[in-house]
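To keep things clear, I will list the structure first and then write my remarks on it.
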Amino acid sequence: MSETGEDGASGQGGSRRLLGLSFAPREAVAMPDVPVTKRLVDIDQALRVVLRHRWLVLGVVGAVLLAALIVTLAATREYRASTTVQINAQPTQILGSRTQPVQRFRNDDQYLQTQFGILRSRSLAARVARNQKLADDSGFVGQGGAREQRELAATFKLMANLEVVPLRGSDLVTLAYTDPDPARAARITNAFASGFVETTTENRYNTTNYARTFLQDRLAAAREKLENSERALVLYAQHQGIVALESGGSGRSGRDGPSSATGDSLSSQTLITLNTALSEAMADRIAAEQSYRQAAGPGNAGQLAGDPAMQALRAERARLEAEYREKLGTFKPDYPDMLALRGRIAQIETSLAREAGTLNAALRSKYQAAAGRENELRAKVSSLRADVLDLRNRGIGYNFLQREVDTNRELYDALLQRFKEIGVVGELGESQATVIDTALAPKAPFRPQPLRNLGIGLVIGLLAGLGLAFLIEFIDDTVKTPEDIGEMLKLPALGVVPRVTRGSTLAEELEDAKSPVTEGYHSIMTALRFVGEGGLPRSVLVTSSRPSEGKSSSALALSQNLARIGLRVLLIDADMRNPSFHSASGDSIGLSGLLGTSEGLAEQVVPTKLKNMALLPAGPIPPAPAQLLATVRIHELLAEAERLYDVVIVDAPPVLGLADAPVLSSICAATLLVVEASSTRRSAVQGTVRRLQAANARLVGAVLTKFQLKSGADNEHYGYGYGYGPEHDAAGKGLFGGLGRKGRRDGPKTLDVSA
């Protein structure tokens, strides 16, 4: 017996789904219900994708790293110089009015952002370009063109290469400039700092100068207005005859109160004085009148007792009367001494009467004088009151003019004081910015940064490589793993057959009981024994979607493995269009001959080296194989084969484009679909499944052939013996080595069929 291999070149890696897989058994296929955990991102699947395309990823990373290295080596060396500037958001208040609070900015952050905008402004860059004469530096802006164009180019270049970096939490700002010349970079950076300080100082001076000019104009107008108002006040006072007196000796009534013609005039002052004198005269007159009336009334002796002369006379009289009463007890009233005492007492009483009259006359004169003075003052006050009332009427205009004078004087004084303060502050020249650290010429280049560029290249390369790998996986929809069979075809994966190792053949792999290929087919054979309720199906059809997927090799391997365990096996080559097996003796008429005659099956089978295995070749290629298979004869042959043998393995043609396999699948007890890994597209396999299901085929599962074993996560789930074999190379000779495409080119290979 001979075999022609059907293995083809290995296809590219197909799409790998990064989601959990679920398997749905078909029809009567007995598969246990195993719960499948679904994950949003399958790390194992992603790792297998990366490992499968590791050379692509490494190649992209290497190319990007090489490009980054070339760019780094070819880039111009640039140097970065920096300086630190302090911006005072709260300026120092050197001078200030006691009534005016210290000036503070309403929003410090807004002020700082404004200063940052000034640092980045075109006007400051143009100032630096002019001060440093960069328009004449050919190494900075090149040569040629008008001077205005070179200055504009230098300005925009300065703006593009300047960095303003504020230090968070402080008023410090770092100015950095990058240039191929380190000395020029430091010079330009310092020029930016000094130019900024000068700009802020000039802006403050210009603002102060404008305020000074404005105040000068206002002072001149206020002075003229004050002079006019004072002149009008004097003329009005002269015309109305108003003599205003100064208050408190200051000469400015407006300081102590509002000026008043009636309050500070001469008539008003005289009236006040006369009113005071009149009050005093009235008090004197009342006191004199009271004294006079008390002295003139009854009992006036008591009122005159206060006079010293009267008191002396009364004391003398009392003494004499006491002496008289004392002697009266001794002498008689007509005693001469007693008469003398009585005469002296009479004299004293006469003196008392005379003295009382004198005192009454004096009190009356004093009372009359006080009354006359009061009347005189009252007349004068009445006369002056009329004058003051007339002056009040005439003083309304005077008071109005006086208030205007006071108002103009206060405005003039305020403007004059502010003008003096602005003048002093302007002379101080206070600056809002201070240079803390000047820039030094850098020693090492700032750009390019090799490590940084290579790091960025590594990250970009990894992202690009991984993205390309997953893109290829997404675009490539070929079947690559048993999980894809369950996800795409909803069929059980009965096993995986790896590629044969380099330098070996199918026969050698099948002879080695520990080879990965042998282990793979043993696993498939074991799975077939449990697909039905009665155990191993009596007839199994092996087919594929397209040629060269390994169906014939799988049919041969399964037949040999079943024969080795003691089962009688018949291998039928049903591919009458392109036979894969034939008898070296050529005695059998094959399947095509049996379909056209009524001969028995037993006479046309060919024995093989294996004791329990026989072969029914395809026979001569008929002109219409599909018509032969459409007859009842094929049913009779398969029924006879099932009676004579324990298992019948039918090697059928591919499904797509041909009608042979669907017809045979409807007759066989089980159908096994062979799928080449990383080569067969999902749409083709799904079409195959639909055609077989339409033909009422009993699909028991699928076999993944030509599986490329690689180190890593791909080896974890696909067979017991795979870990014992050597690592396989993607450039191998195909699924069955020497029985692959090389066998196709050399024609059928004859195998000794002797017992």
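The values are calculated or read from the model by the stated rules, or taken from the named source; none is laboratory data. Everything numeric here is computed off the predicted structure, so don't read it as measured data. Heads up, the Cβs are rebuilt from the backbone with ideal geometry, glycines too, and the neighbour counts pull from every protein chain shown.
What number of residues in segment 162-190 are closer than 16 Å to Arg127 by Cβ, within 34 Å of the chain's Cα centre (by Cα) and either part of a helix (DSSP H, G or I) or without any contact (Cβ under 8 Å) to a residue 60 or more places away in the chain (or both)?
Filtering segment 162-190 down to residues closer than 16 Å to Arg127 by Cβ leaves 162, 164, 175, 177, 187-190.
Subset that is within 34 Å of the chain's Cα centre (by Cα): 162, 164, 175, 177, 188-190.
From the residues that got through so far, the ones that are either part of a helix (DSSP H, G or I) or without any contact (Cβ under 8 Å) to a residue 60 or more places away in the chain (or both) too are 162, 164, 188-190.
Of the residues in segment 162-190, 5 are closer than 16 Å to Arg127 by Cβ, within 34 Å of the chain's Cα centre (by Cα) and either part of a helix (DSSP H, G or I) or without any contact (Cβ under 8 Å) to a residue 60 or more places away in the chain (or both).
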Could you tell me which numbered condition Ala193 fails, if it satisfies all but one of (1) of a type in the set (A, V, I, L, M, F, W, C); (2) out of contact with any helix residue (DSSP H, G or I) (no Cβ under 8 Å at 6 or more places or on another chain); (3) over 26 Å from Arg447 (Cα atoms)?
(3)
How many residues does segment 473-524 contain that are over 23 Å from Asn561 (Cα atoms) and aromatic (Phe, Trp, Tyr)?
1
Any hit, segment 543-560, residues being at pLDDT 90 or above, in contact with a helix residue (DSSP H, G or I) (Cβ under 9 Å, 6 or more places away or on another chain), within 18 Å of Arg633 (Cα to Cα) and among the hydrophobic types (A, V, I, L, M, F, W, C)
no
The listed residue being out of contact with any strand residue (DSSP E or B) (no Cβ under 9 Å at 6 or more places or on another chain), in the same structural domain as Gln604 (by TED's automatic domain parsing), under 26 Å from Asn612 (Cα atoms) and touching a residue at least 40 places away in the same chain (Cβ under 8 Å), out of Met576, Met488
Met576
Take Gln45 and decide whether it is at pLDDT 50 or above, within 37 Å of the chain's Cα centre (by Cα) and in a strand (DSSP E or B).
no
Some residue of segment 510-528 being in contact with a strand residue (DSSP E or B) (Cβ under 8 Å, 6 or more places away or on another chain), within 13 Å of Thr705 (Cα to Cα) and in a strand (DSSP E or B):
no
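Could you say whether any residue in segment 673-684 is closer than 15 Å to Leu570 by Cα and surrounded by fewer than 16 Cβ atoms within 10 Å (Cβ to Cβ)? Outline the logic, then answer.
Residues of segment 673-684 that are closer than 15 Å to Leu570 by Cα, as a first pass: none.
No - not one qualifying residue is present in segment 673-684.
Would it be correct to say that Ala370 is modelled with pLDDT of 75 or more, assigned to a helix (DSSP H, G or I), under 18 Å from Arg293 (Cβ atoms) and touching a helix residue (DSSP H, G or I) at 6+ places or on another chain (Cβ under 8 Å)? Show your work before the answer.
On the way: modelled with pLDDT of 75 or more: yes; assigned to a helix (DSSP H, G or I): yes; under 18 Å from Arg293 (Cβ atoms): yes; touching a helix residue (DSSP H, G or I) at 6+ places or on another chain (Cβ under 8 Å): yes.
For Ala370, the condition - modelled with pLDDT of 75 or more, assigned to a helix (DSSP H, G or I), under 18 Å from Arg293 (Cβ atoms) and touching a helix residue (DSSP H, G or I) at 6+ places or on another chain (Cβ under 8 Å) - is met.
So that you can scan it fast, the table gives a plain yes or no per residue for (1) at pLDDT 85 or above; (2) more than 30 Å from Glu533 (Cβ to Cβ):
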residue	(1), (2)
Gly11	no, yes
Val29	no, no
Gly62	yes, yes
Thr76	no, yes
Asn88	no, yes
Mind listing just one residue for me: the one in segment 444-474 that is at pLDDT below 85 and part of a loop (DSSP other than H, G, I, E, B) and, of those, surrounded by the fewest Cβ atoms within 10 Å (Cβ to Cβ)?
Ala444
Could you figure out which of (1) farther than 18 Å from Thr83 by Cα; (2) among the acidic types (Asp, Glu); (3) in contact with a helix residue (DSSP H, G or I) (Cβ under 6 Å, 6 or more places away or on another chain) isn't true of Glu148?
(3)
